[in-house]
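Derivation of every value follows stated rules applied to the coordinates shown; laboratory data play no part. These numbers come from a predicted model, not from an experiment.
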Amino acid sequence: MREGYRSGVDRIVSGLVHTSQLGATAVRNATRALLEADPALAEEVISEEVRVDAQVAVIEDRCFQLLYASGTRRPASR
């Protein structure tokens, strides 16, 4: 169980890192769109939000699955 739990945590962390990178890119592009008055880039940032939201939903689902799985099993004996 520990190995499965650890693997689940690793997948969540990996997803968080990826989502953080998407967010950083979005902020950078949104700032550039504002400073350069670039409506096309602003639209790109807005449309990319769907991808970020989908990734967040996947991470949340993984968290709930991991919590559920760890809560329904007895802890491994030491």
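Points to keep in mind about this one:
- Helix 39-71 and the longest principal axis of the C-alpha atoms of the chain enclose an angle of approximately 10°.
- Computed extension gain for Arg32 through Ser7, at 0.36 nm per residue and net of the alpha carbon distance, reaches 5.2 nm.
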